[in-house]
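Nothing in this text is a laboratory measurement; each read-out follows from the coordinates by a stated rule. This is a predicted model, so every value here is computed, not measured. Methodologically, a virtual Cβ is constructed for each residue, glycine included, from the backbone with ideal geometry; neighbour enumeration extends over all protein chains shown.
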Amino acid sequence: MPDNPAKRKPVIGLTGGIGSGKSTVARIFEDAGCAVINSDEQNSIQLANPEVIAELVSWWGKEVINEKGQLDRKAIASVIFNDPAQRKRLESYLHPRIASDSARLTGKFQANPSVRAIVLDSPLLLEAGLDAKCDAVVFVDTDDEIRLARVKKNRGWSADQWRRREKSQFALDKKRGKADHVLANNSSDLDELRSLVDDILQTIETGLSSTD
């Protein structure tokens, strides 16, 4: 627990390529006392919102909903990954909603004395401009062959599906170049990864303290 409950907590952005293991890194930050705001979870909440469902059906028709009246994420993925303009349209609609919810949660966690830092775990951290709200950005750096193996095993994607989705995001060099810290995640040794996360977290905390 922070010594001074009123002290501002660092906001840390988490980015990396698809399959880099950001979720594992986020859990380690959480275990270390951080609050994690997960954009995928926020996105799922938005896609379950009746207002959002109605809007997307007005764009793309009833083909994007299932028999339960819920949005069919596979159908939506088929639309946006085959049409960059439609992907941009969806992002422009959802990103402000997610950013607003993220800001609300950030304020809540800033006021919680048991929270050590706030981590924004977002696959589109840079694309959505969320890095501007961060005190530091951490890039999870993982070799391509490891990332591909992970998405094949955990998501059932083909190499082509992985590459197409990766092309819809900023290039890895751009993400890496915008990061304040690079975290190597090529090992299956979780203790090693925890040590690396702890070092980065302490460095960020120290840096924020020196500027307050």
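List the residues whose amide H sits under 5 Å from the amide H of D141, counting only those 5 or more places along or on another chain, with H placed 1.01 Å from N in the peptide plane.
Those lying under 5 Å, H to H, from D141 are L183, A184, N185.
Mind listing the phi-derived Karplus ³J(HN,Hα) values for the range 109-125, rounded to whole Hz, using 6.51, -1.76 and 1.60 with θ = phi - 60°, and x for any glycine or proline?
With coefficients 6.51, -1.76 and 1.60, one gets 6, 4, 7, 8, x, 8, 8, 7, 7, 10, 10, 9, 9, 9, x, 10, 3 Hz.
From the phi of every residue in the range 181-196, what ³J(HN,Hα) in whole Hz does the Karplus formula 6.51 cos²θ - 1.76 cosθ + 1.60 yield, where θ is phi - 60° and glycine or proline is x?
After applying 6.51 cos²θ - 1.76 cosθ + 1.60, I find 9, 10, 10, 6, 9, 9, 9, 8, 7, 5, 5, 5, 5, 4, 5, 5 Hz.
Out of residues 5 or more away from I65 or on other chains, whose amide H comes under 5 Å of its own, with H placed 1.01 Å from N in the peptide plane?
HN-HN under 5 Å from I65: D72.
Match the structure shown to one of the listed values (i) 54, 38, 28; (ii) 59, 32, 32; (iii) 47, 40, 34 of Cα extents along the principal axes in Å, computed from it, and give that label.
(i)
Restricting to DSSP H runs of at least four residues, report the calculated mean residue ellipticity at 222 nm for the chain, -39500 (n - 2.57) per run over all residues, nearest 500 deg cm²/dmol.
Details: 9 runs with 115 residues, N = 212.
Calculated from helices alone, the mean residue ellipticity at 222 nm is -17000 deg cm²/dmol.
What is the distance in Å between the Cα centroid of the range 75-151 and that of the range 31-72?
14 Å
Order these peptides, 131-144, 160-173, by their mean beta-carbon neighbour count within 10 angstrom, highest first.
Listed from highest to lowest mean packing, they are 131-144, 160-173.
Taking the Cα centre of the chain as the origin and placing charges on Cβ (Lys, Arg +1; Asp, Glu -1), which of I65, F81, S44 is farthest toward the positive end of the dipole?
Going by the Cα projections, it comes out as I65.
Tell me, what HN-Hα J-couplings in whole Hz come from the Karplus equation 6.51 cos²θ - 1.76 cosθ + 1.60 at θ = phi - 60° for each residue of the range 199-204, using x for Gly and Pro?
Running phi through 6.51 cos²θ - 1.76 cosθ + 1.60 with θ = phi - 60° gives 4, 5, 4, 5, 5, 5 Hz.
Suppose we keep just the DSSP beta bridges with both residues in the chain; what percent of those would be antiparallel, to 5? Provide the component values of the computation, followed by the final result.
Working: 1 of 18 bridges.
Given both bridge residues lie in the chain, the antiparallel proportion sits at roughly 5 percent.
Among 178-189, 78-89, what's the highest-first ranking by average C-beta atoms within 10 angstrom per residue? Walk me through the numbers before you get to the answer.
On the way: 178-189: 15.5, 78-89: 13.4.
Result, highest mean first: 178-189, 78-89.
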